[in-house]
1. So, of the residues in the range 22-48 that are among the acidic types (Asp, Glu) and part of a helix (DSSP H, G or I), which turns out to be nearest to the chain's Cα centre (by Cα)?
2. Residues of the range 83-93 being surrounded by 11 or more Cβ atoms within 10 Å (Cβ to Cβ) and either under 14 Å from residue 108 (Cα atoms) or not hydrophobic (A, V, I, L, M, F, W, C) (or both), which ones?
3. On the basis of being modelled with pLDDT under 95, farther than 30 Å from residue 61 by Cβ, surrounded by fewer than 10 Cβ atoms within 10 Å (Cβ to Cβ) and under 34 Å from the mean Cα position of the chain (by Cα), does residue 97 make the cut?
4. Would you point out which residue out of 15, 30 is in contact with a helix residue (DSSP H, G or I) (Cβ under 6 Å, 6 or more places away or on another chain), modelled with pLDDT under 95 and either among the acidic types (Asp, Glu) or surrounded by 13 or more Cβ atoms within 10 Å (Cβ to Cβ) (or both)?
5. Any residue in the range 24-43 that's within 20 Å of residue 155 (Cβ to Cβ) and among the hydrophobic types (A, V, I, L, M, F, W, C): show its pairings with residues that are in a helix (DSSP H, G or I) and at pLDDT below 80 at Cβ separation under 6 Å, as long as the two are six or more apart or on different chains.
6. Which residue, of 74, 80, is modelled with pLDDT of 95 or more, within 22 Å of the chain's Cα centre (by Cα), in a loop (DSSP other than H, G, I, E, B) and surrounded by 10 or more Cβ atoms within 10 Å (Cβ to Cβ)?
7. Quick check: anything in the range 139-156 free of Cβ contacts under 8 Å to residues at least 40 places away in the same chain, over 30 Å from residue 56 (Cβ atoms) and surrounded by 10 or more Cβ atoms within 10 Å (Cβ to Cβ)?
Amino acid sequence: MPKPKHANTQPLAALPQTNTLPLATQLTMLLSSVDKMVLPIAKDETDTVLGQAYVWDFVQKYAKRKSDAFWKDIEDNNLIMDYKELAPGNQEIGESDNFIVHCKVSNPVNRFNADVLAERMAKSKYKVPSSFTLEAIDKAKVPSSSSRTLWIEERSQGEKSQDEA
């Protein structure tokens, strides 16, 4: 198999260089040090908790970017088999001396298609006009809940909170 072309394939220097601990344990040890980071001076518990949430959100975004880059390299270098046409179920699609890549494929989901229903109603023994069916479907729609996204950002050094202004 070809070597990945990704620039950052060196061992993590911050991890203990030992084969006696599982990688997950080594990563937990490394990430537990994040909790000990020095945050900006907190005036109250809210500042502390928001700061910790900000740090972990940052770690998550950073990890996602790194992971996405490595998954792209894995696919570009054919280190795993093509998984786009696999049948539903759990399958192994790649391996190395220390790792196995699994792929869980779900059954396809049937989606509602208003045009297909309108066409079938028009061809049925009732001969319901497509325009009537589509209008009825549109009127039957009910509002759903809005999605919400939360995030935290760090204030600039000179920026004051609304309470201080």
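1. To start, the set of residues in the range 22-48 that are among the acidic types (Asp, Glu) comprises 35, 44-45, 47.
Then drop every residue that is not part of a helix (DSSP H, G or I), which leaves 35, 45, 47.
On the way: 35: 23, 45: 29, 47: 27 Å.
Of everything passing the filter in the range 22-48, 35 is nearest to the chain's Cα centre (by Cα).
2. If we filter the range 83-93 for residues that are surrounded by 11 or more Cβ atoms within 10 Å (Cβ to Cβ), which is where we start, we get 83, 86, 91-93.
Hits for the range 83-93 are 83, 86, 91, 92.
3. On the way: modelled with pLDDT under 95: yes; farther than 30 Å from residue 61 by Cβ: yes; surrounded by fewer than 10 Cβ atoms within 10 Å (Cβ to Cβ): yes; under 34 Å from the mean Cα position of the chain (by Cα): yes.
Judged against the criteria, residue 97 is a match.
4. Working: 30 fails: in contact with a helix residue (DSSP H, G or I) (Cβ under 6 Å, 6 or more places away or on another chain).
Matching residue, one of 15, 30: 15.
5. none
6. Details: 74 fails: in a loop (DSSP other than H, G, I, E, B).
Residue meeting the stated conditions: 80.
7. Going residue by residue through the range 139-156, those that are free of Cβ contacts under 8 Å to residues at least 40 places away in the same chain are 139-150, 155-156.
With over 30 Å from residue 56 (Cβ atoms) added as a condition, the list becomes 139-143.
Then drop every residue that is not surrounded by 10 or more Cβ atoms within 10 Å (Cβ to Cβ), which leaves none.
The answer is no; no qualifying residue exists.
The values are calculated or read from the model by the stated rules, or taken from the named source; none is laboratory data. All values derive from a computational prediction rather than experimental measurement. In this analysis, Cβ positions are derived from the backbone assuming ideal geometry, glycine residues included, and neighbour counts consider all displayed protein chains.
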